[in-house]
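The values are calculated or read from the model by the stated rules, or taken from the named source; none is laboratory data. From a predicted model like this one, the values you see are computed outputs, not experimental measurements. Positions of Cβ are backbone-derived with ideal geometry, glycine not excepted, and every protein chain shown enters the neighbour counts. We work out accessible area using only protein heavy atoms, side chains counted, and drop any ligands, DNA or RNA first. Shrake-Rupley method; radii C 1.70, N 1.55, O 1.52, S 1.80 Å.
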Amino acid sequence: MRLAAGAATDAGRVRDHNEDSYLLDDERSLFAVADGVGGHRGGEVASSTALEALRAGVASGTALHEAAQSANSAVYDLAATDEALRGMGTTLTALTTIGGSTALLAHVGDSRAYRLRDGAIERLTEDHSLVEELVREGRLTSEQADSHPQRNYITRALGLEPDVEVDIVSVALHAGDRILLCSDGLTTMVRERDIERISRNETDPARAAELLIDAACDAGGEDNVTAVVIDFLEVDGAEAPDPEALAETSPPTTPLPVSEPDIGPPTSAPTITVTRRRLRSFLLLVLPLILFVGLAFTTVAWYARRTYYVGLSGDRVALYRGVPGGLLIWDPTVETISDIDLRDLDPADQAAVADGVAEGSRDRAESYLATLEERATAATSTTSTTTTTRPPRRTTTTTRPPKKTTTTTAGGTARTSPATITGGP
Ligand code: MG
């Protein structure tokens, strides 16, 4: 693989100092931009510290994603030791080559990587920014995002936490491809079609970088602006990427398209990032739904099984666990069957019990059952004509239906009610 690269950076027309940094290391085929944020000198310290750590990591043989983590640690640790640097952070978009026709990108933040092929540019990274997330969620259009007052808010950066999630993107290369790495000072000032035009028309990479910076400054230069342009003059296009090199440089949990010797369609390169994003969106959408349904199901189950009511089991009044008629998949179950015969109750109680009288707790249901028993007893006592040791509702009389009529105490074996009444007028 043979390549040529150039870079340019500028504070722009508004800022009085430049917090962007770039890295151009032909020897290691390592290139990067970093856009620092933080008060006073924090931003420039963050971006330069990150790139120094990245280069040191790659130079020592560390894989790109681990070198990016080292860069994160370097910024984080430095911020912790100096009050003036507290809260500083930086974006990072870094590229290194592996194998004969493949490059790897490590990306955090809203700097970007583009590939120019056959005169057309294709974006290779996703911004970790508030507006881009709103665009992905369909809550903002791209046009609204371009003018959004919070378009500079980034949602991920190096140096803010002990660990950072780094997007790793595998990029297939052809001879003649050009890669552009740039800070948001370019992309917020210059439209992509103008970036494409400038990149296409200037063959010298260093000069192309300068022209891109000029275009950003001419458009207002509201932010620091940096461009790194890498031309791949010769690549081993017929050769598949070296699997060993790929294995060494790829993150252990992220499979890369190692078997693709050729270049995929325009959208294939950032597949890993996109897949992660989709998975995250899916989980964010579906998990709350699953939790809600689970909670609702549990609540219904709890209600259905912790509630008691008084109803009928055949002709007798019974205590049920559950809800009259059942609820979803939970049918009521009989807890106890009392000695109270439905016909011993007055019509109002008969109707109520036939429908089921929900009492909530077991104590309340048992209390209601006892009340019914008293009423039944009173009712039958007042109509008793025979003295008996049997429960009163069993003792009488000619007014009862045949199955309930008894004439002596002998039939008392039918029930075992504790009530033994000696009654009658
Ligand atoms: Mg910036």
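Taking the Cα centre of the stretch 326-386 as origin and assigning +1 to Lys and Arg Cβ atoms and -1 to Asp and Glu Cβ atoms, the resulting dipole is close to 80 debye. Taking amide hydrogens as placed 1.01 Å from N in the peptide plane, the amide H of Leu124 sits under 5 Å from those of Ala113, Tyr114, Arg115, each at least 5 positions away in sequence or on another chain.
Rolling a 1.4 angstrom probe over the protein heavy atoms, how many square angstrom per residue are accessible across the stretch 1-100?
41 Å²
Determine the dipole magnitude for the stretch 1-103: charges of +1 sit on the beta-carbon of Lys and Arg, -1 on that of Asp and Glu, nothing else is charged, the reference point is the Cα centre, and the result goes in debye to the nearest 20.
Value, rounded to 20: 220 debye.
With the highest mean first, a sort of the peptides 371-377, 55-61 on other beta-carbon atoms found within 10 angstrom per residue produces 371-377, 55-61. Whole-Hz Karplus values for the stretch 32-46 come out as 7, 10, 9, 10, x, 10, x, x, 6, 9, x, x, 5, 5, 4 Hz, taken residue by residue from phi with 6.51 cos²θ - 1.76 cosθ + 1.60 and θ = phi - 60°; glycine and proline positions read x. In the stretch 148-207, a dipole from Cβ-located charges (positive for Lys and Arg, negative for Asp and Glu) runs towards its positive end, and of Gly159, Val171, Ala206 it is Ala206 whose Cα lies farthest in that direction. Here the Karplus relation 6.51 cos²θ - 1.76 cosθ + 1.60, evaluated at θ = phi - 60°, turns the backbone of the stretch 77-88 into coupling constants of 5, 5, 5, 6, 9, 9, 4, 5, 9, 4, x, 6 Hz, with x for every Gly and Pro. Phi angles across the stretch 360-368 convert, under the Karplus curve 6.51 cos²θ - 1.76 cosθ + 1.60 with θ = phi - 60°, into 3J(HN,Hα) values of x, 7, 5, 4, 5, 5, 5, 5, 5 Hz, Gly and Pro given as x.
P(r) for the stretch 130-237, from all Cα pairs and a bin width of 5 Å, is 2, 10, 16, 18, 18, 18, 12, 5, 1, 0 %, short bins first. Share of carbon and sulfur in the accessible area of the stretch 78-126 stands at 48%, probe radius 1.4 Å. Taking label points 7 Å from Cα along the Cα-to-Cβ direction, Leu233 and Trp330 give a separation of 7.7 nm.
Each of Asp214 and Asp163 was given a label point 7 Å from its Cα along the Cα-to-Cβ line. The distance between the two points is 4.7 nm. Taking amide hydrogens as placed 1.01 Å from N in the peptide plane, the amide H of Gly12 sits under 5 Å from those of Val225, each at least 5 positions away in sequence or on another chain.
What whole-number value in Å² describes the accessible area per residue of the stretch 134-245 for a 1.4 Å probe? Walk me through the numbers before you get to the answer.
Numbers: 5270 Å² over 112 residues.
With all protein chains present, the stretch 134-245 gives 47 Å² per residue.
Residues whose amide H comes within less than 5 Å of that of Leu140, counting only those at least five positions distant or on another chain, are Val135 (H built at 1.01 Å from N in the peptide plane).
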